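The values are calculated or read from the model by the stated rules, or taken from the named source; none is laboratory data. Just so we're clear, the structure is a prediction, and the values are computed from it rather than from any experiment. Glycine gets a Cβ as well: all are built from the backbone with ideal geometry, and neighbour counts include every protein chain shown. Side chains included, ligands, DNA and RNA excluded: accessible areas come from the protein's heavy atoms. Shrake-Rupley method; radii C 1.70, N 1.55, O 1.52, S 1.80 Å.
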Amino acid sequence: MTRSTTSHARLMRIIRAAFLSVTGVFVVFPLVWLALGSLKTRHEALAVPPSLVFTPNFEAFEKIVAGGVVHAFFNSLTIALTNVVLALLIGVPAAYALSRMRGAVQENLSFWVLSIRMAPLFAVILPLYVLFKAVGLLDTRFAVALAHLSLTLPLTVWLMMTYFRGLPQELDDAAMLDGANAWQTLTQVIVPIARPMIASVAVIVFIFSWNEFLLAFFLTARDAQTVPVVVAGLAGTMSFDWPLIAAVSICSMIPAFLFVGIAQKHIVVGLASGAVK
């Protein structure tokens, strides 16, 4: 290896390290700022210039435990997990069926599924509101989960269908030669291979449902309010409680990080098993 090649490789490593460092600062700095803000008093949190040396105050976290914010966390977690389960239970079989269809019917159905996801959110809210009000489901976790499902299910079907199309047809043929029907082929052959993609889709669905604000805002009033709705309500009050908002925001990231961490393990295991096979 020549000296110029070595210098070029060293320069590229330095550039990559600098780029990752800058990116890391932009990603981590807001989280650190939120964490510091949650440990301050109202006066310290809104002081200009901001105080970097202060005595930690846990009053904001005590308000989360004592107030009704814990109920909002339970609502968000229940809605997000329900959405993930329903999206995968319905979307994976539907995507597999669509991926194995051929002809104009398959193309039309695929485009119809995608077009539902492309619909403006405001075009979906009013029909859902009228429907849930008519059947008495307004301000319930089930209604919000179904509303989220109307957006995450088409996305699940489209992503999984694209993945299933890339799997060789020989897998299906071999399973059917062994006497497996279509359902057994899906559950015993295709799903184990598709575990990394299923875990990735589950992460996308969970994060969308956990962070979604507009549907939850219009379909809930008190009992089924989610964390984003509660945070928006805190930010809109006359007494701006920044430490409480920061504490709720920090706590709201924990379930998402945990779910992503669990799903990441399945992604790694699935990729490793697929490489061995």
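Some notes on this structure:
- For residue 220, net neighbour charge (Lys/Arg +1, Asp/Glu -1) across residues whose Cβ lies under 13 Å away: 0
- In order through the range 81-86: 3J(HN,Hα) via Karplus (6.51 cos²θ - 1.76 cosθ + 1.60), integer Hz, x for Gly, Pro: 5, 4, 5, 5, 5, 5
- Computed per residue of the chain from DSSP H runs no shorter than four, each worth -39500 (n - 2.57), the mean residue ellipticity at 222 nm is -26000 deg cm²/dmol.
- Coupling constants for the range 166-177 follow from the phi torsions by the Karplus curve (6.51 cos²θ - 1.76 cosθ + 1.60, θ = phi - 60°), and in residue order they are x, 7, x, 4, 4, 4, 5, 5, 5, 5, 6, 5 Hz; glycine and proline get x.
- Largest GNM mean-square fluctuation across 87, 221, 72, computed for the chain with C-alpha springs under 10 Å, falls on 221.
- In order along the range 187-203, phi translates into HN-Hα couplings of 6, 9, 10, 6, 4, x, 6, 8, 4, x, 5, 4, 5, 5, 5, 4, 5 Hz, rounded to whole numbers, per the Karplus curve 6.51 cos²θ - 1.76 cosθ + 1.60 with θ = phi - 60° and x for Gly and Pro.
- Look at the Cα gyration tensor of the chain: its axes a ≥ b ≥ c give a/c of at least 1.5 with a/b at or below b/c, and that counts as oblate.
- Approximate spin-label separation residue 23-residue 171, in nm, with each point projected 7 Å along Cα-to-Cβ: 2.9
- For the residues 119, 147, 45, a GNM of the chain with alpha-carbon springs under 10 Å puts the largest fluctuation on 119.
- Whether the range 6-98 is rounded, prolate or oblate, judged on the alpha carbon gyration tensor where a/c under 1.5 counts as rounded: oblate
- Area of residue 142 that stays accessible when all protein chains are in place (1.4 Å probe, Å², to 10): 110
- For residue 44, the solvent-accessible surface with a 1.4 Å probe is about 50 Å², rounded to the nearest 10.
- Taking all protein chains together and rolling a 1.4 Å probe, residue 176 ends up with roughly 100 Å² accessible.
- For the range 99-209, the relative contact order comes to 32 percent (Cα pairs under 8 Å, sequence separation of at least 6).
- Span per principal axis, largest first, for the Cα atoms of the range 103-234 (Å): 58, 29, 23
- Taking every protein chain into account, the accessible area of the chain amounts to 58 square angstrom per residue (probe 1.4 Å).
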